[in-house]
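Coordinate-derived values only; no laboratory data. All values derive from a computational prediction rather than experimental measurement. Glycine also receives a Cβ, built like all others from the backbone with ideal geometry; neighbour counts cover every protein chain displayed.
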């Protein structure tokens, strides 16, 4: 008799349909069901934004004429724009890390503005053959492009 009861319970359990993943009231996936790729890209975006912010802050410091190691290259036209971009990327990194609403769109806007500024910087440094600055602008563009891809995919 005990065998029949166990068998009946197993059959009932086998017939139950799978349940849908739990959702929060806004319709977003529960944090427990989020894929690891989403979690990794969620952490990568503020880190990449922070790297961009530090890079622009360092360039602004150098262009203000303050010594940063062996580098000191005063360039008045770039100091303020690079400082503004450093603040913009830094603020968006903090906002994305705090998981603010529409954070990835803010990050994408900050990155696109920075890419436009880097493109303008290249139009100034290439004709003047300032090769150190050209390399910096190309490296900054590469980091910003990767950041934009991460922002779009997250």
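Between residue 153 and residue 87, what length in nm is gained on full extension when 0.36 nm per residue of separation is reduced by their alpha carbon distance? Display every interim value, and only then the final one.
Values: separation 66, 0.36 × 66 = 23.76 nm, distance 2.38 nm.
Computed gain between residue 153 and residue 87 is 21.4 nm.
Stretch residue 145-residue 113 to full length: gain in nm at 0.36 nm per residue minus the Cα-Cα span?
Numbers: separation 32, 0.36 × 32 = 11.52 nm, distance 1.17 nm.
Value of the extension gain: 10.4 nm.
If region 59-154 were replaced by its equivalent ellipsoid, with semi-axes equal to the square roots of 5 times the Cα gyration tensor eigenvalues, what would those be, largest first, whole Å? Don't skip to the answer; put the middle values down first.
Working: eigenvalues 139, 46, 21 Å².
Those come to 26, 15, 10 Å.
Assuming R0 = 30 Å, what is the FRET efficiency of residue 97 and residue 129, from their Cβ-Cβ distance, to the nearest 0.05?
The computed FRET efficiency comes out at 0.15.
Binned at 10 Å from 0, what are the whole-percent values of the Cα-Cα distance distribution for region 82-137, short to long?
Once binned at 10 Å, the Cα pair distances of region 82-137 give 25, 40, 24, 10, 1.
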